[in-house]
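S.K.: Structure in structure tokens, see below.
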Amino acid sequence: MPRFKLTIEYAGTRYSGWQIQRNARTVQGEIAKAVREVARRDNFELYGSGRTDAGVHALAQVAHLDVATSLPPAALADRLNDVLPADIVILSAEKVRHDFHARRDAVARRYLYQLARRPLAFGKPYVWWVKEPLDLAVMQRAAAVFSGFHDFRGFTDDDPEEKSTTVQVDEVSVEEAGALVLVRVTGSHFLWKLVRRLVGVIVAAGKGDLSPDQVRALLRAPTDLAARLTAPASGLFLERVFYRGDARDIPAPALLNT
């Protein structure tokens, strides 16, 4: 049975996240329905590089698909797109080796968070509008605190007794793009709600509610503050999944023309 690597773009607004759930509409569930229709088979495996939460988007989620089909990769992608909802798009499909694994072979992920400095008529589902003024330089200093190998137990709902809460964060960048402020977080893997809580804390620093030293203290002595500052799902995108040999490309500009 051939294995395909799928690169997938989706707007997560209408979905309860990536992973199939009973009695909930999910991105993986919609793709699985499309595979059944196109391949006319129930026996297949669809496995993503990682979960995204309800309302979170993806610019380039990766999944592997094992399905018996005579369709070449490009035709498979086209046929799937013909039956998928308009807010889920297969950007590409390619045949890969049988032991390629979308999650286990990934060496890093990069998330993008879009903050808006003003209300946007067309972008509300894809940003977090922060009404208060933001000090970009302070946000950049706060973001730098998170780079490195840290225990993020205060930034996740994952139970540290059941799962390690240490993560290698390669980079956290903050930059302006017109009326937007873009926060990008690159790391080995991510815990449940980690990126949204990092962003929430960085925004609090930008508003003057936290100093970079207070941000640093949240790593040393976890409290529930990061949880209370969790950023909305609307502004978060899984931007890129990296595999061995991939170049760390220059990030794309903001998604909205502001």
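The values are calculated or read from the model by the stated rules, or taken from the named source; none is laboratory data. The shown structure was predicted, so the numbers you read here are calculated from the model rather than taken from an experiment. Glycine gets a Cβ as well: all are built from the backbone with ideal geometry, and neighbour counts include every protein chain shown.
S.K.: Every residue in region 7-28 that is surrounded by 19 or more Cβ atoms within 10 Å (Cβ to Cβ), not β-branched (Val, Ile, Thr) and not in a loop (DSSP other than H, G, I, E, B), please. Working first, answer last.
M.R.: In the first step, residues of region 7-28 are kept if they are surrounded by 19 or more Cβ atoms within 10 Å (Cβ to Cβ); the result is 7-8, 10-12, 15, 17-18, 26-28.
Narrowing further to those that are not β-branched (Val, Ile, Thr): 10-12, 15, 17-18, 28.
Once the filter is applied, which keeps residues that are surrounded by 19 or more Cβ atoms within 10 Å (Cβ to Cβ), not β-branched (Val, Ile, Thr) and not in a loop (DSSP other than H, G, I, E, B), region 7-28 yields Tyr10, Gly12, Gln28.
S.K.: Mind listing just one residue for me: the one in region 106-138 that is surrounded by 17 or more Cβ atoms within 10 Å (Cβ to Cβ) and assigned to a loop (DSSP other than H, G, I, E, B) and, of those, farthest from the chain's Cα centre (by Cα)?
M.R.: The selected residue is Leu134.
S.K.: Give Glu175, Glu171 a once-over and let me know the one that is in contact with a Leu (Cβ under 8 Å, 6 or more places away or on another chain) and free of Cβ contacts under 8 Å to residues at least 60 places away in the same chain. Write out each step before concluding.
M.R.: Values: Glu171 fails: in contact with a Leu (Cβ under 8 Å, 6 or more places away or on another chain).
Going through Glu175, Glu171 in turn, just one is in contact with a Leu (Cβ under 8 Å, 6 or more places away or on another chain) and free of Cβ contacts under 8 Å to residues at least 60 places away in the same chain: Glu175.
S.K.: Taking the conditions exactly as written (exposed (fewer than 14 other Cβ atoms within 10 Å of the Cβ) and under 22 Å from the mean Cα position of the chain (by Cα)), does Ser173 satisfy them or not?
M.R.: Values: exposed (fewer than 14 other Cβ atoms within 10 Å of the Cβ): no; under 22 Å from the mean Cα position of the chain (by Cα): yes.
So Ser173 does not fit the description; no.
S.K.: Which helices (runs of 4 or more DSSP H) does region 139-244 wholly contain that include 2 or more residues that are under 22 Å from Gly17 (Cα atoms)?
M.R.: Correct list: 194-206, 225-228.
S.K.: Here's another thing I want to ask about it. If I go through region 41-57 residue by residue, how many of them are out of contact with any helix residue (DSSP H, G or I) (no Cβ under 7 Å at 6 or more places or on another chain), under 27 Å from Tyr111 (Cα atoms) and not hydroxyl-bearing (Ser, Thr, Tyr)? Break it down into steps so the answer makes sense when it comes.
M.R.: Step one: of region 41-57, the residues out of contact with any helix residue (DSSP H, G or I) (no Cβ under 7 Å at 6 or more places or on another chain) are 41, 43, 45, 47, 49-51.
Retained after the next criterion (residues that are under 27 Å from Tyr111 (Cα atoms)): 45, 47, 49-51.
If we keep only those that are not hydroxyl-bearing (Ser, Thr, Tyr) as well, we get 45, 50-51.
Residues that pass the stated criteria total 3.
S.K.: Kindly indicate which of Val138, Val167, Val127, Val174 is touching a Phe, Trp or Tyr at 6+ places or on another chain (Cβ under 8 Å) and not small (Gly, Ala, Ser). Quick ask: steps written out before the conclusion?
M.R.: Working: Val138 fails: touching a Phe, Trp or Tyr at 6+ places or on another chain (Cβ under 8 Å); Val127 fails: touching a Phe, Trp or Tyr at 6+ places or on another chain (Cβ under 8 Å); Val174 fails: touching a Phe, Trp or Tyr at 6+ places or on another chain (Cβ under 8 Å).
Step by step, each of Val138, Val167, Val127, Val174 is checked, and only Val167 is touching a Phe, Trp or Tyr at 6+ places or on another chain (Cβ under 8 Å) and not small (Gly, Ala, Ser).
S.K.: For region 194-211, does any single residue satisfy the condition of being over 19 Å from Met139 (Cα atoms), surrounded by 13 or more Cβ atoms within 10 Å (Cβ to Cβ), without any contact (Cβ under 8 Å) to a residue 40 or more places away in the chain and in the same structural domain as Ala116 (by TED's automatic domain parsing)?
M.R.: Filtering region 194-211 for residues over 19 Å from Met139 (Cα atoms) gives none.
Within region 194-211, none of the residues are over 19 Å from Met139 (Cα atoms), surrounded by 13 or more Cβ atoms within 10 Å (Cβ to Cβ), without any contact (Cβ under 8 Å) to a residue 40 or more places away in the chain and in the same structural domain as Ala116 (by TED's automatic domain parsing).
S.K.: Being in contact with a Lys or Arg (Cβ under 7 Å, 6 or more places away or on another chain), assigned by TED's automatic domain parsing to the domain that holds Arg22 and modelled with pLDDT under 95, is that true of even one residue in region 35-49?
M.R.: yes
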